[in-house]
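Just below is one structure, and these are the notes that go with it.
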Amino acid sequence: MVGVVGGKERMMLLQERLRTIPIILGSKSPRRSALLQAMEIDFDVIVRETQETFESGDSPDSIVQAIAKEKLNQFNEECANGHLVICADTIVVAPNGEILGKPNDAANAAEMIQSLSRKCHKVYTGVAFGYRNIRVSFSECTKVWLALLDAEEIAFYVERYHPIDKAGAYGIQEWIGKIGVEKIEGSYENVIGLPTARLQKELKEVFRYKN
C-alpha cells in the first residue's frame, strides 16, 4: 500500500486500498453494517444461513471464532475470485458462565436481561475474513457492568425495542444501555457486534504491502 506524492513514497490509507476491492459483509445485522460503514468501507451484504452450533465445553472465544469461520466458509468461491468477505458472530456470557445467544421470545428476553442485572457479564465477538487464499480470524472480549434493573424497566425495554435478534437480549446502543450500563472494560463497538479497531488492525496487516 505504497503511493508516490511529489516524488516521495507514502503509505496508502487502508480505506483507499479497500475501495479497489469488492467487499462482502456476510451478516444481516444492521448494527454490523452501520459499524462497517462508519469505518468508511464500502460493501455489499450477502447472507447465507449457517448452523450456529458448538460443543458445551468449548471456550467462548473459540465458539465465536468457529462460528464466524463457518460463516466465511460459505463464501470460498467469492474469496477465490478476489472478494474480501467479512463474517462475525457475537455471544454473551452470563455471570454464571451460561452462554446466551438470541432469545426465543419476549419472556426469554426478559429472563436473560434479569440474569445480567446488577452483575458483570462478558461479550465476545468473533470475526473471520478471507481474501483469495488468505484466512484470518480473531475474537475480542468486553466486560459490561449492568446496574440493578427493575421489572418495569426490563418490560419496557423488551416491549419497545423487541431485542429478539440480539445476543443476550439487549443492545448497548439502545435505551437500556443509556440507563443501565454503569461501565465497560474493552471495546464498545465489540458489544454492538463488530470490534472495529481490531478489524482495522488485522486488515492493515494483510493489505499494507499488497498491490
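The values are calculated or read from the model by the stated rules, or taken from the named source; none is laboratory data. Nothing here was measured: the structure is a model prediction, and the numbers come from that model. All Cβ positions, glycine included, derive from the backbone under ideal geometry; neighbour counts span all protein chains shown. Accessible surface is based on the protein model in full, side chains and every heavy atom, while ligands, DNA and RNA are left aside. Shrake-Rupley method; radii C 1.70, N 1.55, O 1.52, S 1.80 Å.
Starting from the coordinates of the alpha-carbon atoms of the chain, obtain the Kirkwood hydrodynamic radius over all distinct pairs and give the value in Å to one decimal.
Numbers: mean 1/r = 0.0550 Å⁻¹.
Across the chain, the inverse of the average 1/r is 18.2 Å.
For the chain, with every protein chain kept in place, what is the accessible area per residue (1.4 Å probe, Å²)?
Accessible area per residue, the chain: 52 Å².
Using a 1.4 angstrom probe on heavy atoms only, work out the carbon and sulfur share of the accessible area of the range 151-211 in %.
Accessible surface attributable to carbon and sulfur in the range 151-211 totals 48 percent.
Given a Förster radius of 25 Å and the C-beta distance between residue 80 and residue 208 as r, what FRET efficiency does 1/(1 + (r/R0)^6) yield to the nearest 0.05?
0.70
Using the charge dipole of the range 126-200 (Lys, Arg: +1 at Cβ; Asp, Glu: -1 at Cβ; taken about the Cα centre), state which of 162, 173, 146 has its Cα farthest towards the positive end.
Farthest towards the positive end: 173.
Could you please report the charge total around residue 117, scoring K, R as +1 and D, E as -1 over all other residues with beta-carbon less than 13 angstrom from its beta-carbon? Please report the intermediate quantities before stating the final value.
Numbers: positive: 118, 119; negative: 111, 150, 152, 153, 182.
With Lys, Arg at +1 and Asp, Glu at -1, the net is -3.
Would you please state which residues of the range 154-194 a label at residue 147 would reach in this model, taking the label point 7 Å out along Cα→Cβ and a backbone N cut-off of under 19 Å?
Of the residues in the range 154-194, 154-161, 170-185 have backbone N under 19 Å from the label point off residue 147.
How high is the relative contact order of the chain, in percent, with contacts defined as C-alpha pairs under 8 Å that are six or more residues apart?
After rounding, I find 22 percent.
Only four residue types carry charge here, +1 at the Cβ of Lys and Arg and -1 at the Cβ of Asp and Glu. Report the dipole size of the range 102-211 about the Cα centre in Debye, rounded to the nearest 20. Walk me through the numbers before you get to the answer.
Working: 16 positive and 14 negative charges, 174 e Å.
It works out to roughly 840 debye.
Run the reach check for residue 166 against lysines, Cα to Cα strictly under 24 Å, same-chain hits fewer than 8 apart removed. What comes back?
List returned: 28, 69, 71, 102, 119, 122, 143, 178, 183.
Ignoring ligands, DNA and RNA, please state the percent of accessible area on the range 1-124 from carbon and sulfur, probe 1.4 Å.
Solvent-exposed carbon and sulfur of the range 1-124 make up 46 percent of the total.
Please find, in a Gaussian network model of the chain (springs between Cα atoms separated by less than 10 Å), the residue of 186, 168, 130 whose mean-square fluctuation is greatest.
Top of the fluctuation ranking is 186.
Note the full-extension length gain between residue 21 and residue 135 as 0.36 nm times their separation in residues minus their Cα-Cα distance, in nm to one decimal.
Gain on extension, residue 21 to residue 135, equals 39.4 nm.
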